Each structure stands twice: as structure tokens, then as C-alpha cells.
1. For segment B:16-115, list the strands (runs of 3 or more DSSP E) that sit wholly inside it and hold at least 3 residues that are under 16 Å from B:Ile4 (Cα atoms), open to solvent by less than 10 Å² (accessible area, probe 1.4 Å) and touching a residue at least 24 places away in the same chain (Cβ under 8 Å); which are they?
2. Please specify each residue of segment B:56-88 satisfying the condition of being away from chain A (no Cβ under 13 Å) and closer than 30 Å to A:Leu48 by Cβ.
3. Can you tell me which residue within segment B:89-115, out of those that are within 10 Å of the chain's Cα centre (by Cα) and not aromatic (Phe, Trp, Tyr), is farthest from the other protein chains (Cβ to nearest Cβ)?
4. Does A:Val45 fit the bill of being without any contact (Cβ under 8 Å) to a residue 12 or more places away in the chain and either out of contact with any helix residue (DSSP H, G or I) (no Cβ under 8 Å at 6 or more places or on another chain) or β-branched (Val, Ile, Thr) (or both)?
5. Name the one entry in A:Thr68, A:Thr78 that is modelled with pLDDT of 95 or more and of a type in the set (Ser, Thr, Tyr).
6. Which number in (1) modelled with pLDDT of 95 or more; (2) under 10 Å from the mean Cα position of the chain (by Cα); (3) part of a loop (DSSP other than H, G, I, E, B) marks the one condition that A:Tyr88 misses?
7. Which numbered condition in (1) more than 11 Å from chain B (Cβ to nearest Cβ); (2) in a loop (DSSP other than H, G, I, E, B) is the only one that A:Pro105 fails?
8. If we only count strands (runs of 3 or more DSSP E) wholly inside segment A:1-73, which ones have 1 or more residues that are open to solvent by less than 60 Å² (accessible area, probe 1.4 Å) and of a type outside the set (A, V, I, L, M, F, W, C)?
Amino acid sequence: SQKIEQNSEALNIQEGKTATLTCNYTNYSPAYLQWYRQDPGRGPVFLLLIRENEKEKRKERLKVTFDTTLKQSLFHITASQPADSATYLCAPQGHNYGQNFVFGPGTRLSVLP
Amino acid sequence: SAVISQKPSRDICQRGTSLTIQCQVDSQVTMMFWYRQQPGQSLTLIATANQGSEATYESGFVIDKFPISRPNLTFSTLTVSNMSPEDSSIYLCSVEESDNAYGYTFGSGTRLTVV
């Protein structure tokens, strides 16, 4: 069965450093991989989507990579700020529209001032 | 991007009763999705709601327990029936937006506690 793992349940880093979050998947060949941010008591907020034929995608301080050989996506936040503290979820998506949209368990990031 | 209004935001219900959660979108969307997020867990897809047809349920979820309505392209409801404490969760609706590079927009969620 499909399995999605995110590198750690929680990650603490100092303000100004780069945070790197990992998403690994098995028994799955996603066409897209999405990253979301979720704050306590709120619904997830879409951040970035990367397609299987893209190696890298950037948006402001965010960068996502997608390695279909390693079955892994890396999510980077550069120059991190305390406001970046949240849970980050990866979500691989299949080729068919609306197919089996599965979320990873999430990594809770804390950026310390 | 679409704006989703989800009601109620929270509720405390007696076991054996039912609760209907409403999801209103400010634009027409083809597919709406319902998720459950149990305490400390990630999101699990319950079902996909299509207008004009029965919802498609994921493994482990059945229509008798989670009936869904989708009367038009901007509205859907999820009912949690015959509730037990194990149903205590956050329930979220979601839509896909083609102008958001296929990202999904979520409602703010309904925090349900069954006592």
C-alpha cells in the first residue's frame, strides 16, 4: 500500500537558518506533489505544487525539489522566521483528476528567535 | 482563490446523535472533498462529492455513516451519523482550483467533540 513519510515529527531551527523538510513515498508514482502549511486550529493552506517532470520549483523564500528516482521531495525555507512556525504537510497526487489525494503525517517546524 | 465558508466551526454532541456540516464556496467548483483530521494526525480523505451523482467514498468510510449531499456547484454537506466518541475529529471540506496551479483550498474546519 502507499506510504508517505516526513522526516521528523518536529524540527527546531534558529531564525535566519534554512529549514529543510523531507517527504518520502513508497508504492506510489505521483504525477504531482504538493506542500501545505497548517496552523493550529486552521485548515491547510496550499504553498507549492511540483510536477513529476520538474526538478525544482521556487516561490519567494520557499524551494521544493522532486526526485522521482529517490521517491523524495525536499521542502526548503530560507532565511526562516518565527512566523514560519507551523506544521508542513506533503501530499503526492496521482495522475487521474481527484485521484487518491493522500497527505503525509506532517512535520511541525518551530523557528526559534 | 476560492473562499470557503464552513459551518459550524465547532460543536459538542451527544453520542448517538447526528451532525450536519455545511460547506459553501464563493465560486462554482466541479469536485468537493471531505477530510477528517483526528487529534495529532494528518488528513484522511473521507469522500469526493460530485454535483449530480453520489459521492465516492474512500476505503473505511461508508455512506450510511457519512452521508453527503451536493445539490449544486457551490455547496455540500457532510453528516456524521450515530456519533460515538471515536468520531471526535476535525472535519474539513476542500476544493481544487485550476487557477491555483492545482492546489486545493480548504475550509477552516469543524471541530467535533462527541461526549
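The values are calculated or read from the model by the stated rules, or taken from the named source; none is laboratory data. The structure displayed is predicted, hence computed values, not measured ones. No Cβ is skipped: glycine too gets one built from the backbone with ideal geometry, and neighbour counts run over all protein chains shown. These accessible areas exclude ligands, DNA and RNA; they are computed on the full protein's heavy atoms, side chains included. Shrake-Rupley method; radii C 1.70, N 1.55, O 1.52, S 1.80 Å.
1. Where strands (runs of 3 or more DSSP E) fall fully within segment B:16-115 and carry at least 3 residues being under 16 Å from B:Ile4 (Cα atoms), open to solvent by less than 10 Å² (accessible area, probe 1.4 Å) and touching a residue at least 24 places away in the same chain (Cβ under 8 Å), they are B:19-25, B:31-37, B:89-96.
2. Within segment B:56-88, B:Phe61, B:Ile68, B:Arg70, B:Leu73, B:Thr74, B:Phe75, B:Ser76, B:Leu78 qualify.
3. So the residue we want is B:Thr110.
4. yes
5. The conditions single out A:Thr78.
6. Answer for A:Tyr88: the failing condition is (3).
7. Checking A:Pro105 against (1) more than 11 Å from chain B (Cβ to nearest Cβ); (2) in a loop (DSSP other than H, G, I, E, B), the one that fails is (1).
8. A:3-6, A:19-26, A:32-38, A:56-59, A:62-67
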